[in-house]
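The values are calculated or read from the model by the stated rules, or taken from the named source; none is laboratory data. Since the structure is predicted, the reported quantities are computational estimates derived from the model, not experimental observations. Cβ sites come from the backbone with ideal geometry, for glycine too, and all protein chains shown count toward neighbours.
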Amino acid sequence: MAGMFGLDLERLADDQLPTTVDIDSPLPPVRLRGRLQRQQFRSFSGVLSAAMPATTVTAFGQLDLAAPGGPAFIALMGATFPDPGLQLGLGFSLSGVGGVVGVNKRVDRDALIAAIADGTAGDLLFPPDPVKAALRVVPRLPALFPTAPGRIVVGPMFQVSWGDRMVSLSTAVMAEVPDPVRLSLLGILRVAVPDPAVPLIDLKATFAGQYDSAEPSAFLIASLTGSHMAGVPLDGDVLVLSRGGADSTFVLSAGGFHPAYPVPRGVPALHRLSMNLSPVPWIQLRCQAYFAVTSNTVQFGAQLSLVAEIADCGLRGQFGLDVLIHLEPSLSFTAQMRGSLAVEVFGETLLGVAFDLTLEGPAPWHAVGRGSIDLFLFSASFDFDQRWGNPPPALPTPPADLEARLREAFSRPDAWSAHPPTDLRRSPVLLSPSANRLIGDGSRVHPHGSLAARQRVLPFGVDIQRYGRSAVEPAERWDMASATLGAANATGGTTVDAFAPGRFFKRSDDELLGSPAFETYRSGVRLVADTSGPADGAFVRAGLDWETRIVQDPVSALRPEGLLRAARIAALMESEQVAVAAGSVRDAHWWPAVAAGLRVAAEPPVVAADTWAMVAAGEPAGAAATPAELRRNLAGEPGMRAVEAWEVPG
C-alpha cells in the first residue's frame, strides 16, 4: 500500500489537508469505523473502532508532532468481548482489556474532575458506540492529557462483571513517571438489578482519583449522574481528599458542605445528593441532601421543594435544614431551619406562611428566629427567642494531664528519628558498609547527622485551652526549654507538624467553619552534637593494613599482578568495620591537612631497539649517559630508535 499511495505532508499547504476524515468500511467479517481530526498541521486526534465476530477493538488517540520537547502522543486502547465474556470463576467474567500509553504527557487533575462532572470521563472506557463517544471525548484529550516533556503515562484498562453483568466495573489505572510519581484512577461502577436490560435499580458511579507523591495528596471523587431507583432519578457527588504539606487538610463529603464552610483548595463544586420524587407530571417533589466530615466539624443538611400546580393554581413550598454538630467538649448541635408554604391562584399568593429558625441544643434548648403569615388582604410577622430545659448534670471530668501525655509521647520509639547530613559530600567521615547498614535501620546516627525528637500530642508555644473533651483551665503552654546530648548542648533547630485547631482552642461556630482544617505548629526539636575539642574517646578504632609502593612504570599497575594486589587491598578495607560517634564538625580532627602529592622525578630507563622486530639491539658507538643522549645518538641510525625498557622483551 505504501508503494501505491503516498502523501508528502511537508510539501502540502495547510489549507490543502482535510480537517476531518470519517471512516466507515463495512467489509465482513470486520467493520472499521472511525474519525480522524486535524487541529493543526502537525497535530492529529481521533478514534478508530474495529468490530469483529469475537471482539471489538477501540482506540482513542492524540498526536502532536510539534510539541515542545519532542513529539507527544496519548492513546487509550480497549478490546471488549461478547457475552458472557471470559469466565474467571465465582460468577466473575472478564469483559474487556486494554491500556493507556502516553509519551511526553501527564494527567491533569482539574480536567479529570471536570470530566467526571460533565460525564465525558465514562466515554473513555469501553464505550458501546465509540464513534459517537468520540464527539465528546476527542476534543477533551489535550486538556485531560496535556503535554509535559519527559513525562510518561502508562497503565492497564479492564472491565470485569459479576452475576451476568448485574455488577460491572470498568477502570483504568495510570502511572505517571518519573519523579514525582503520580497514580491516577478512572472508572465506572454500575449496579443494575435485577436485569441490566430492564433494571429496576440502576446505580452508575463514575469515579476518578489521583495520588501525588510530591505534595503529598490523595483524592477520590465519584458521581451518580444517570442513576435511578424504581424510576426515581438519583444524582450527586462524593469526594474524599487528604493532603499533607503546609496546606494540610482532610475532607469527606457526600453532596457538598454547609453553606458557611469555606471550601478548601482543590475541592471542586459538588452536586447535592438528590432524588426527584415526582409521581405525576403536575407534581414536582425534589429532595437534596449533603453530609460532610472535616478535621473541625461534622455537617449535614437537606432541602425539600414542592411544586403542585395546574393552570397556575396550586401549592409551592420548601423546607431547608443545615446542621453543624459539635463533638467537643460534649455532644451538641446547631441547626438552621427555614421553610415556606404558599397557596397560589393564577400566580398570586392567596395564603402563605414562612419561618426561619436557629435551634441549639440539647439541654438546654435555645430557639431563635422569625415567622410570617401572608394573606390576600394583609401580612404579619413576629420574632421569637425561647429557652427551655435544664443543662445536664456536670459529670466529673478529670483534667487532662498534658505533662504525662508528653512524656509518654517522647518515650515511644517512633518519636525519634535519625537524619543524615544535608550534604554527604562535605562530611570527612567514610563509613564501612556495615556501619551504613546500622545507620539505615536507625540504630546508629551519622556523626554529622542529626536526631529529631517530635510528638503529635499538642502544639508547642501556644495556649492550650482544651484537649479533646477535657477543658484545660487555666490554659497551659508547653515548649522545649533545652536539649542536650550527654553534657553537651545539642539544640539544632525545631520540628513542625500539622495540628487541628478545634482540638486545642475554644472557637465559635463561625471560627470553626472559617479556619483551616490544619495549622502548623512546633512539635519538637532537632538534636545536633556540638562538642568542643577532639572526641577521640568516642571513636572505635579498627586497624587497617596496606602496602605503599612507588611505581615508576604506570602501565604495570594495569598488569594482572597489579590488579590482583589492588583487589586484595580493597577486600581488606571492605572487611573492616569502622564505627564513629558524633563530634564537632569544626574540630580539626575531622579535617586533617591535605598531604602533598607524591611525584616521581626519575625518568624511566631507555634502551636501543630494532624497529622491525622491536627487540633490544646493540647501542651505537659512544656510551650514552642519559636517555636524552641515547635518543640523540640514535636519531641518524636507520632501523633503530630509543624506547623505554618495558616496551621490549627482557
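Pairing residues of the range 64-76 that are in contact (Cβ under 8 Å) with a residue 40 or more places away in the chain with residues that are small (Gly, Ala, Ser) and part of a strand (DSSP E or B), at Cβ distances under 6 Å and at least 6 apart in sequence or on separate chains, gives 64/43; 64/72; 74/102. Which residues, taken from the range 114-130, are more than 21 Å from residue 34 (Cα to Cα) and either touching a Lys or Arg at 6+ places or on another chain (Cβ under 9 Å) or hydroxyl-bearing (Ser, Thr, Tyr) (or both)? Selection gives 114, 115, 118, 119. Can you confirm whether residue 495 is among the polar types (S, T, N, Q) and either closer than 30 Å to residue 251 by Cα or at pLDDT 75 or above (or both)? So residue 495 passes the test.
Only one of these is under 20 Å from residue 150 (Cα atoms), assigned to a strand (DSSP E or B) and polar (S, T, N, Q): 37, 62. Name it. Walk me through it before giving the result.
On the way: 37 fails: under 20 Å from residue 150 (Cα atoms).
Going through 37, 62 in turn, the sole match is 62.
Restricted to strands (runs of 3 or more DSSP E) entirely inside the range 205-304, those with at least 2 residues that are in contact with a Pro (Cβ under 9 Å, 6 or more places away or on another chain) and closer than 30 Å to residue 497 by Cβ are 237-243, 249-254. Checked against (1) under 28 Å from the mean Cα position of the chain (by Cα); (2) under 17 Å from residue 115 (Cα atoms), residue 226 passes all but condition (1). Annotation: of all residues in the range 249-283 being touching a residue at least 60 places away in the same chain (Cβ under 8 Å) and of a type in the set (Ser, Thr, Tyr), the one that is nearest to residue 297 (Cα to Cα) is 261.
For the range 638-650, the set of residues classified as closer than 12 Å to residue 610 by Cα and either in a strand (DSSP E or B) or free of Cβ contacts under 8 Å to residues at least 24 places away in the same chain (or both) consists of 638, 640, 641, 642, 643, listed by residue number.
Does residue 323 fit the bill of being at pLDDT 85 or above, aliphatic (A, V, I, L, M), over 30 Å from residue 500 (Cβ atoms) and surrounded by 14 or more Cβ atoms within 10 Å (Cβ to Cβ)?
Details: at pLDDT 85 or above: yes; aliphatic (A, V, I, L, M): yes; over 30 Å from residue 500 (Cβ atoms): no; surrounded by 14 or more Cβ atoms within 10 Å (Cβ to Cβ): yes.
Taking the combined requirement at face value, the residue does not satisfy it.
Considering the range 442-456, and only residues there that are assigned to a loop (DSSP other than H, G, I, E, B) and of a type in the set (S, T, N, Q), the residue that is nearest to the chain's Cα centre (by Cα) turns out to be 455. Among the criteria (1) crowded, with 17+ Cβ neighbours inside 10 Å; (2) without any contact (Cβ under 8 Å) to a residue 40 or more places away in the chain; (3) farther than 19 Å from residue 111 by Cβ, the one residue 245 does not fulfil is (1).
Could you count how many residues in the range 291-329 are within 36 Å of the chain's Cα centre (by Cα) and not hydrophobic (A, V, I, L, M, F, W, C)? Spell out how you get there, then give the answer.
At the first step, the residues of the range 291-329 found to be within 36 Å of the chain's Cα centre (by Cα) are 291-303, 321-329.
Keeping just the survivors that are not hydrophobic (A, V, I, L, M, F, W, C) gives 294-297, 299, 301, 303, 322, 326, 328-329.
Total satisfying the criteria: 11.
Conditions (1) polar (S, T, N, Q); (2) surrounded by 17 or more Cβ atoms within 10 Å (Cβ to Cβ), marked per residue:
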position: 152; (1), (2): no, no
position: 163; (1), (2): no, no
position: 174; (1), (2): no, yes
position: 179; (1), (2): no, no
position: 186; (1), (2): no, yes
position: 189; (1), (2): no, no
position: 203; (1), (2): no, yes
position: 217; (1), (2): yes, yes
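For the range 155-200, the tally of residues that are of a type in the set (D, E, K, R) and in a strand (DSSP E or B) stands at 3. Taking the range 40-57 as the range and being touching a helix residue (DSSP H, G or I) at 6+ places or on another chain (Cβ under 6 Å) and not in a strand (DSSP E or B) as the test, only 41 passes. When the range 80-106 is filtered for residues that are in a strand (DSSP E or B), among the hydrophobic types (A, V, I, L, M, F, W, C) and either under 30 Å from residue 146 (Cβ atoms) or without any contact (Cβ under 8 Å) to a residue 40 or more places away in the chain (or both), the ones remaining, listed by number, are 86, 97, 100, 101, 103. Taking the range 346-398 and the strands (runs of 3 or more DSSP E) fully enclosed by it, the elements with 2 or more residues that are at pLDDT 80 or above, among the charged types (D, E, K, R) and surrounded by fewer than 14 Cβ atoms within 10 Å (Cβ to Cβ) are at 379-388.
Quick grid of which residues meet (1) touching an Asp or Glu at 6+ places or on another chain (Cβ under 7 Å); (2) at pLDDT below 90; (3) within 19 Å of residue 99 (Cβ to Cβ); (4) not aliphatic (A, V, I, L, M):
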residue: 118; (1), (2), (3), (4): no, yes, no, yes
residue: 138; (1), (2), (3), (4): no, yes, yes, no
residue: 174; (1), (2), (3), (4): no, no, yes, no
residue: 185; (1), (2), (3), (4): no, no, yes, no
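Counting the residues of the range 22-63 that are small (Gly, Ala, Ser) and surrounded by fewer than 19 Cβ atoms within 10 Å (Cβ to Cβ) gives 6.
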